[in-house]
Every structure is written in structure tokens, then in C-alpha cells.
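One structure below.
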Amino acid sequence: MDARDVFLVPMPQQWRPGEGEYLLPAQGRIIVDAAAADAVYPIAQRVQRALRTHASRAWPIVAGPAGLYAASPLQDATEPAGRVVIHVAPGLTRHPQGYELTITATGVHVVASTPAGAFYAAATLQQILAQAGPELPQMRIHDWPDFPNRGVMLDISRDKVPTMTTLQDLLEMLAGFKVNQFQLYTEHTFAYQRHRTVWIEASPMTGEEILALDAYAQARFIELVPNQNTFGHMRRWLVHAAYRDLAECPDGCDTAWGYFDEPFSLNPQDPRSLDLVRDLLDELLPHFRSQFVNVGGDETVDLGQGRSREIVERYGAGRVYLDFLLKIYREVRARGRRMMFWGDIIVQHPELVDHLPRDMIALEWGYEADHPFAEHARLFAASGLPFYVCPGTSTWNSLAGRTDNALANLRNAAASGLAHGAIGLLNTDWGDNGHWQPLPMSFVGYVYGAAVAWAYHANRELDVPRALDAFVFHDAARVMGRLVYDLGNTYQVPGVLVPNASILFRILQWPLERIANIEGLTEEGLQATLAYVDNVLEPLPRARMARPDAALIQREVAWVGDMLRHAARRGLWALRRHRGMDDKPLRTQLAREAQSLMTTFRELWHARNRTGGFADSLARMQRMAADYED
């Protein structure tokens, strides 16, 4: 195989192809040359498995200086000749997570300063072996990350809580793309022992599961970071009688999304609010070895509308917000952790940024292609406050994703973060309004986000469909990568773009009268949508995925296509109904489809996720189906 034909994800920072190949001998050794061989041994095992899987080579692992195993001129020809040397020692690379991978005519050599760097070299070598088998092209790779912290955050509070198998499979995939942080966004889905009422119906993560997941992540050089909202987005707590009195607005509030008829944020002026935060931190944090904790603090939309109205009128919403945020900060510091918080509120009050302690980390989030990452990054950088840029997969409120928006959003975040000194990129994957999107629809964003977080300039023009087929779907037919990529652009076909969502998803959840009054929605656009989805899904049966859940993925993708077509037909029916046309045949078809879609949704949900939350998510489809009744 020619080195120039090798495809890697992420593409490395520097890569020089050589001439010729290294044919792996039948016999050989994997040599761990490191002071702490035990720390590198699991990495060597990954290389060993890759050699066995992709090159049919069963090489043993040994430890010691590589020179001990150098060939002698008097060596017996029957002795092992092949070698993969993993050399780890402080100071060997400029970046602590960097590595050098060299394939010569006589062996494979990994050089790294830390076990993490060696792990990333092994991930690259695994991808080369998967393509080249035993005939490795000669090359030299010098690689390191743009961002020291490269994370993914998965929402497990609206409404899906994945099974442990799902989470472990996801971590294994992300580790292969050099992601090194992972967060589970939590509102009510950790099993707090003193707060059973809040999570009893949610199938939460238990303390033992977090400990196990933390260990699983650490073995893959991923830091599991605790994430618990502690100010806004506390509805799942405050709707219960035992907590309702802690709410800023117990009976609801006005928001930018319309009137919200339930409590939303904690009342920052009630000392018991901070008592609750202390209690949550005390129980949650010991389950994580990470020194970080994400306390949320975003979208406190009701602040000043209720019980804190008087003090907000006196001092301003920004200062009242900051006061409570600093109280949480002191609790975090008292427990020996470093606090992360969402930065959306503080950027509305730039004069207050200088009041933030410089050991806090601001999380600058935004999910549209043109989000002002650069403007907000300049604000944090000028103040000396460490910050992450936090784009997203654009899958929530969409079913299939919004591919073009997601890639532009991720590019924008990475470029702005790199230009202004962000210390991390956190790729977020939310579950708003029922978390209807199946997990594979997020793979586009996961792959591209990991690539630009590692090496932005080398991966800006990454061939995402090819990356998906090669390293995610393992599709020999090269069908699924392009199919999922293109299905994610269905959101553009109706000709109506809405922020943070697809109009097709909104059609599935909005009342009929609202659908009929969507500006720009036409029968022509919806008919074009039906034709587009049919065309994209046509090659689905030809996919040849080499993964255990291949059949499940095909069902998930087919179901997403059916939901998108249902949305287009529902839109057509709403428009005709609004004009006084009683299209009974179409309504009958929609009713029949809805029942089938819900049956399949139940099966797909339980294939990857726990039972808790399903009833809430399904209820949204049931409301949709109720519109078709006589």
C-alpha cells in the first residue's frame, strides 16, 4: 500500500510518506521501553490485538530497553525479527500528548513523552493496520493536539439514559479519535441516595456505574468529568413538592421560548438552595477522579421574575447571578475541585467577567454556524479567564441532524478557540424535546468534532463520509457514511430554516394551526423533501457494516427516514386542512404510520437505552398521533 493512500482520523499535524513497505514478519515482538512499563502495557496490548486482527500476527509483549532486543549479526534466523518499539520517557516530545510514529524497512517505532502520547500513536497505528494489513507503508508522523482538552458531552436528562454497554462502546469509539474528556449532562439522572423522589422514574446512573465508567474511561485516557446543573434547568427537581419552595418562580415564568408553566431555576436568595448544591456535590464528586466539575449555570431565564425580583431590581440580574455563582465556586473549591460553568449569562454582562476567579473555566457555547465564538473568546481571553469553546452535533430537535450547520459550527468553534487561546473544545450532544434522534445520527458530529479539536488545519476539509465508513460504520460498501451525512441535510430541503432545530422536527411536535402558519412552508417544498429522503435512503440495503449492531443501525436510519417522511406528509395535511380541504385518505395514512413509528421507536429506544424517560419521550409522539383521530 502506498503511504499516500493511507487515510487517518484525525489527520496528523505533520506526515511525511516514505518509499517502500515494511512487511511484518511472521515472528516479532512488541517492545515496551519505558520506566513504568505497567502504564504502557495496556497500550501495547491494543497494538497486539490490532496486529492479530488486521495482520494475523501473534507477537508477544516484552519490556526493557529496545537495545536488548536488537538483532545481532550472529542471530539465529529462526529468532523473532519483527519489532514494534514503544519508547516512553519524559521530554521526548514537545507536547506532553504528542507522539512520533515511524515505520521503516526494519520496524515500527513509537516515541512519546507520556503514556497518553503513546496511546494516541497506537490509535494511529491501529488505523494504518486496518487499511494496510501486514504490508505497512513506510512513513514518519509527528503529531500533537491543538487543544489539550478535547471533550464530548452527552445529555442524559432529556430523556435517554444509555445502558452501560452503549456508553462503553461510545467511549471506545471516541478514544480511537483521540478524545480525552467525556461528560454526562445531568439534571436528575444520578441516583442521589437522599433524593430518591427526583430520579425514581428515570433509570439513573448509580454510584457504582459511575465508578465503573470512570475506570473504563481512564483506561482509554479519557477523563470522566462530573456534570450537574446547580442553578437553572432544575425543573426535574423543582416540580416535586419537597423542592418546589426552592424555585425562583414556583408557578412558571416568561422565557424567550414562550411562557414556561413550571418552575425552572433555583432561588439564589434562599440559603436552602445552596444547601441543596452542597448536598449534591458531597455525594456526586467522590465517584469521579477528575479534578474538574461542570456546575452548569446556563439559561437562568427566570432570574428576577419571582422571589429574587427585589434584589435584582436593586443590583441587576448580572450581579445577583454572579453572587450565587461565586457561592457555588467556593463550595467546589472547598472540595478540592476546579469549576466549569456555562458562559452564556456572564457574556451578557461583560463588565463582570473581571470579577470571576481565574481558576474557573468558562464554557462558551453556541450551536449555529455563525455563533459569535470569536467575539466571546476575545472577551474571556482579554480577562485571562481560561475557557473552552463548546459547539455541538446539531442532532437534537432534528432527528437526522443538520450536517452542514454542524460542520460549520464545529469549524467556527475550533478556529476561534485556536485563535484566542481556548484550553479545550467540548462537543455537545443534547436531547431536547424527547431525545428522538438515535445515537448513530450523532456520529457525523463526533468524528468531525474530534478531528478539528486535535488538528484543525489538517482536518478542516476532512472527508467525513469516508471517515465514517472506514472507522465508525466499517462499511465495505461505503454506503452508510454518505447516507447518514446526506440524510442530515434533509433539514434544508423544505426551504424553511429555524434556529437550533429542523422545521421537520417542529412539524412533528407543533400544533396543526401553528404548522399551517409557518412562513415559507409550501407543498412544493414538502414534496421535494419526500423525494429527497427516498433518494438518500435508496442504497441503505446495500450497506455491509462489519459491526455487531449493523442491523440495528440500519433499522435506526430507516426509522429516521420514515419519521422525516411522516413530517413532510403531516405538513402537507396541515396546509390542506388549513385551506378547508378534508384530506381524509392522507389523515388515515398518517394515523397508521404514527402507530407503526411508535412501535418501532419503542424497540429502538430499548436497544441502547434504559427504560426511564421513555414514557415522557413517547408522550410527545402520542400527542402527535392524537391529531389524526376523527
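Taken together, the values in this text are just the output of simple stated rules run on the coordinates, not laboratory data. Remember, predicted model here, so these are calculated numbers, not experimental data. Note: ideal-geometry Cβ built from the backbone for every residue, glycine included; neighbour counts use all protein chains shown.
Got a sec to turn the phi values of segment 410-423 into Karplus ³J(HN,Hα) couplings, 6.51 cos²θ - 1.76 cosθ + 1.60 with θ = phi - 60°, whole Hz, x for Gly and Pro?
5, 4, 4, 5, 5, 5, 5, x, 5, 5, 10, x, 4, 8
Find how much the distance from ARG466 to ALA558 grows on full extension, using 0.36 nm per residue of separation minus their present alpha carbon separation; answer in nm with one decimal.
Length gained between ARG466 and ALA558: 31.1 nm.
Which residues in segment 128-159 place their backbone N less than 17 Å from a point set 7 Å from the Cα of ALA26 along the Cα-to-Cβ direction?
Residues 134-135 fall inside that zone.
Within the set of other residues whose C-beta is less than 11 Å from the C-beta of ALA574, count the net charge using Lys and Arg as +1 and Asp and Glu as -1.
Details: positive: ARG514, ARG569, ARG570, ARG576, ARG577, ARG579, ARG587; negative: GLU513, GLU523, ASP583, ASP627.
Around ALA574, the surrounding residues sum to +3.
Using bins 20 angstrom wide from zero, how does P(r) for segment 149-462 break down, in % of all Cα pairs?
33, 62, 5
With the cut-off at 1.5 for a/c, could you classify segment 255-410 from its C-alpha gyration tensor as rounded, prolate or oblate? Numbers along the way, then the final one.
Numbers: a/c = 1.42, a/b = 1.25, b/c = 1.14.
It is rounded, given that a/c, with a ≥ b ≥ c, falls under 1.5.
Take ARG514, ARG83, ARG555 and order them by how many other Cβ atoms sit within 10 Å, fewest up front. Numbers along the way, then the final one.
On the way: ARG514 12, ARG83 21, ARG555 16.
By the 10 Å Cβ count, ascending, the order reads ARG514, ARG555, ARG83.
Got a sec? Charge dipole of segment 3-143, +1 on Cβ for Lys and Arg, -1 for Asp and Glu; which of GLN138, ALA58, LEU8 is way out at the positive end?
Sorting the options by dipole projection puts first LEU8.
Grab the eigenvalues of the alpha-carbon gyration tensor for segment 429-578, scale each by 5, take roots, and send me the semi-axes largest first in whole angstrom.
30, 18, 13
State the answer as a single residue: which of SER113, TRP605, ILE518 lies farthest towards the positive end of the charge dipole of the chain, with beta carbon charges of +1 for Lys and Arg and -1 for Asp and Glu, about the Cα centre.
The listed residue farthest towards the positive side: SER113.
With Cβ to Cβ distances under 13 Å as the rule, what net charge do the other residues near VAL295 carry (K, R +1; D, E -1)?
Result for the local shell: +4.
Name the cysteines of the chain that stand alone by the Cβ rule: no other cysteine Cβ under 4.7 angstrom.
If one checks each Cβ against the other cysteines of the chain, CYS390 turn up with nothing under 4.7 Å.
Around GLN13, with a cut-off of 10 angstrom between Cβ atoms, what is the net charge of the other residues, counting Lys and Arg +1 and Asp and Glu -1? Don't skip to the end; give the middle numbers.
Details: positive: none; negative: ASP143, ASP146.
Combined, the nearby Lys, Arg, Asp and Glu give -2.
For segment 1-109, just say rounded, prolate or oblate: build the C-alpha gyration tensor, square-root its eigenvalues into a ≥ b ≥ c, call rounded for a/c under 1.5, and beyond that prolate if a/b exceeds b/c, oblate if not.
Oblate shape, in that a/c is at least 1.5 and b/c is the bigger or equal ratio.
With label points built 7 Å along Cα→Cβ from the Cα atoms of ASP404 and ALA105, find their separation and express it in nm.
Label-label distance for ASP404 and ALA105, simple model: 5.1 nm.
Rounded if a/c is under 1.5, else prolate if a/b beats b/c, else oblate: with a ≥ b ≥ c from the C-alpha gyration tensor eigenvalues square-rooted, which is the chain?
Oblate, since a/c reaches 1.5 and b/c is not below a/b.
Name the residue farthest towards the positive end of the dipole of segment 149-462 from the options HIS355, PHE221, GLY151, assuming +1 on Cβ of Lys and Arg, -1 on Cβ of Asp and Glu, about the Cα centre.
Final value for the positive-end residue is PHE221.
Only Lys, Arg, Asp and Glu count, each charged at its Cβ (+1, +1, -1, -1), so figure out the dipole size of the chain about its Cα centre, rounded to 20 debye.
860 debye
What order do you get for 190-200, 381-391 when each peptide is scored by the mean count of other beta carbon atoms within 10 Å, highest first?
For the peptides 190-200, 381-391, the packing ranking is 381-391, 190-200.
Quick one: if you take sqrt(5λ) for each eigenvalue of the C-alpha gyration tensor of segment 501-630, what semi-axes come out, biggest first, whole angstrom?
27, 19, 12
Taking the Cα of ARG514, stepping 7 Å toward and past its beta carbon, and measuring to each backbone N in segment 238-262: which are under 17 Å?
Residues 253-262 qualify, since their backbone N sits under 17 Å from the label point.
What whole-number distance in Å separates the alpha-carbon centres of segment 431-477 and segment 202-231?
So the separation of the two Cα centres works out to 23 Å.
If each DSSP helix of 4+ residues adds -39,500 (n - 2.57) and the sum is divided by the residues in the chain, what number results at 222 nm, nearest 500 deg cm²/dmol?
That calculation yields -13500 deg cm²/dmol at 222 nm.
Could you pull out every one of the aspartates and glutamates with an alpha carbon less than 18 Å from that of LYS160, ignoring same-chain neighbours closer than 8 positions?
Hits, sequence-local ones excluded: ASP169, GLU187, GLU201, GLU209, ASP429, ASP432, GLU556, GLU603, ASP616.
Taking the Cα centre of segment 481-626 as the origin, how large is its charge dipole in debye, to the nearest 20, when only Lys and Arg (+1) and Asp and Glu (-1) carry charge on their Cβ atoms?
Computed charge dipole of segment 481-626: roughly 340 debye.
Mind checking the dipole of segment 149-462: about its Cα centre, +1 per Lys or Arg Cβ, -1 per Asp or Glu Cβ, Debye to the nearest 20?
So the magnitude is around 840 debye.
Taking 0.36 nm per residue of sequence separation and subtracting the Cα-Cα distance, how much length would be gained by fully extending the chain between THR522 and ASP359, in nm to one decimal?
Stretched fully, the THR522-ASP359 segment lengthens by 53.5 nm.
With a 10 Å Cβ neighbour count serving as the proxy for reagent exposure, in which order, fewest first, do GLU299, GLU262, GLU524 appear?
GLU524, GLU262, GLU299
If amide H atoms are built 1.01 Å from N in the plane of the peptide, which residues on other chains or at least 5 residues away come under 5 Å of the amide H of SER502?
SER398
How many angstrom separate the Cα center of segment 532-598 from the Cα center of segment 287-337?
44 Å
Taking the mean number of other Cβ atoms within 10 Å as a proxy for protection, how do you rank 17-26, 179-188 from highest to lowest?
Result, highest mean first: 179-188, 17-26.
What's the FRET efficiency of LEU497 with ALA531 using the Cβ-Cβ distance as r and R₀ = 22 Å, to the nearest 0.05?
The calculated FRET efficiency here is 0.70.
Please report Rg over Rh for segment 342-416, where both radii come from the alpha carbon positions and Rh follows the Kirkwood definition. Working shown, then result.
On the way: Rg = 13.3 Å, Rh = 12.9 Å.
Radius of gyration over Kirkwood radius for segment 342-416 works out to 1.03.
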